[in-house]
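Engineer: There's a structure below that I have some questions on.
The values are calculated or read from the model by the stated rules, or taken from the named source; none is laboratory data. Owing to the predicted nature of the structure, the values given are computational and were not obtained by experimental measurement. With ideal geometry, Cβ positions are generated from the backbone for all residues, glycine too; neighbour counts draw on all protein chains shown. Areas reflect the complete protein model, heavy atoms only, side chains present, ligands, DNA and RNA absent. Shrake-Rupley method; radii C 1.70, N 1.55, O 1.52, S 1.80 Å.
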Amino acid sequence: AYNPAEYDCLPVPLEIKDLFQYIRRYSPQMIDLEHKLRPFIPDFIPAVGDIDAFLKVPRPDGKPDNLGLLVLDEPSTKQSDPTVLSLWLTENSKQHNVAQIKVKSLENAEKNPKAIDSWVESISELHRCKPPASVHYARPMPDIDSLMQEWSPEFEELLGKVSLPTADISCSLAEYTDMICAILDIPVYKSRIQSLHTLFSLYSEFKNSQHFKAPAEGKKATSPSSSSALPTGETDLLSFP
C-alpha cells in the first residue's frame, strides 16, 4: 500500500511534492465491461493433442450442440478417422480384442482415391510406430549386439585364406545350420528354431545397419553387373563381414 511518510524526505521541489497528494485523492472506478464469452473451468476436458479451448460458434437455431462435452471436438481441421484412432488407443493400451471395431464403408471408392491413400497412410504409420515384437527364448541366447562385434584378428586372417562354407557343401540342411550357427557363435540346442530366429535377426540387423549398407551400396555401384553371368536358379549366398 502507498505510505506518504516514506516519500517526505525526497530532495525534490515543492511543486513535485504537491503531486503526491493526488495519489491519495484518486479512487479507482469499477467498470463493468460487456462481454459475450464467459470463461469457465469444466470438470472434464476431452481432447486429442491440444486442449480444447471451447471457443465455438453456436448453432443458428440456438440449441446446445455439446461439442467437447458429449462429442469429441478436435481443434485440428484434419479430423481423425474413428477406426484409426481406436486402433491407436488399442495399441497403446495393450488391450487387444477388447471390443469389435466398426469400419466404415466408402461409397464409390474408385472416385475417391484420396480417402483410400489417407487410410493406407494412417495404417502404415500405425504399423511403423508399433514396437518390435519381443521373443522369449526357452534357452539362453546371445545378444544381437554382442554377435555384431568384430571377430578376433586371428579369425579375420583365417577368413582371408579359407572362405565360408557355401550352400553347395555336401551336407544336410540341419548340419549346414549347425555349421553356420557355430561360426557365428550362436548356440544350437535340440530344436533349431530359436537358433535360426537368432541367425535371421542377426542378418536383419546387418542388412539394415547404416555402417555396412553404405560400403555395400558403393561396391554395388562400382562393380559391373554380374546378373547375366549367374546361372538360372542360383541364389545369393549369406555372408557376413
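Engineer: If you plug each phi of region 189-195 into the Karplus form 6.51 cos²θ - 1.76 cosθ + 1.60 with θ = phi - 60°, what whole-Hz ³J(HN,Hα) values come out, in order, with x for Gly and Pro?
Structural biologist: Calculated HN-Hα couplings, in order: 10, 4, 9, 8, 5, 5, 5 Hz.
Engineer: Can you pull the accessible area of GLU121 for me, 1.4 Å probe, Å² to the nearest 10?
Structural biologist: 120 Å²
Engineer: Sticking with this one: Provide the solvent-accessible area of VAL188, counting protein heavy atoms only and rolling a 1.4 Å probe, rounded to the nearest 10 Å².
Structural biologist: Per-residue accessible area (VAL188): approximately 50 Å².
Engineer: Could you go through region 116-124 in sequence order and give the Karplus-derived ³J(HN,Hα) for each residue, using 6.51 cos²θ - 1.76 cosθ + 1.60 with θ = phi - 60°, rounded to whole Hz, and x for Gly and Pro?
Structural biologist: For region 116-124, the Karplus curve yields 5, 5, 5, 5, 5, 5, 5, 5, 5 Hz.
Engineer: Next question, about the same structure. Under 5 Å between amide H atoms, partner at least 5 residues away or on a different chain: which partners does TYR189 have, H built in plane at 1.01 Å?
Structural biologist: SER195
Engineer: Moving on. How large is ³J(HN,Hα) for each residue in region 107-113, as worked out from phi by the Karplus curve 6.51 cos²θ - 1.76 cosθ + 1.60 (θ = phi - 60°), to whole Hz, x for Gly and Pro?
Structural biologist: The phi angles translate into 7, 6, 4, 5, 9, 10, x Hz.
Engineer: Taking R0 as 45 Å, what's the FRET efficiency between GLN29 and ASN92 from their Cβ-Cβ distance, rounded to 0.05? It would help to have the intermediate numbers written out before the result.
Structural biologist: Working: r = 54 Å, r/R0 = 1.21.
Once the sixth-power term is evaluated, E becomes 0.25.
Engineer: Over the heavy atoms of CYS171, what accessible area does a 1.4 Å probe trace out, to the nearest 10 Å²?
Structural biologist: CYS171 has an accessible surface of roughly 50 Å² with all protein chains in place.
Engineer: Still on this structure, please answer the following. Please give the FRET efficiency for LYS130 paired with LEU19, using the beta carbon to beta carbon distance and R0 = 41 Å, rounded to the nearest 0.05.
Structural biologist: For R0 = 41 Å, the calculated efficiency reads 0.05.
Engineer: For ARG59, ARG24, ARG139, give me the order by solvent-accessible area with a 1.4 Å probe, most accessible first, ignoring ligands, DNA and RNA.
Structural biologist: On the way: ARG59 95, ARG24 150, ARG139 125 Å².
In descending accessible area the options line up as ARG24, ARG139, ARG59.
Engineer: Now a separate question. Mind ranking ASP145, ASP32 by accessible surface for me, highest first, 1.4 Å probe?
Structural biologist: Ranked list, largest accessible area first: ASP32, ASP145.
Engineer: Which pairs break 31 Å Cα to Cα here: LYS56/LYS104; LYS56/LYS111; LYS56/LYS114?
Structural biologist: LYS56/LYS111
Engineer: Can you sort ILE186, ILE116 by 1.4 Å-probe accessible area, starting with the largest? Please list the in-between numbers first.
Structural biologist: Details: ILE186 5, ILE116 70 Å².
Order by accessible area, largest first: ILE116, ILE186.
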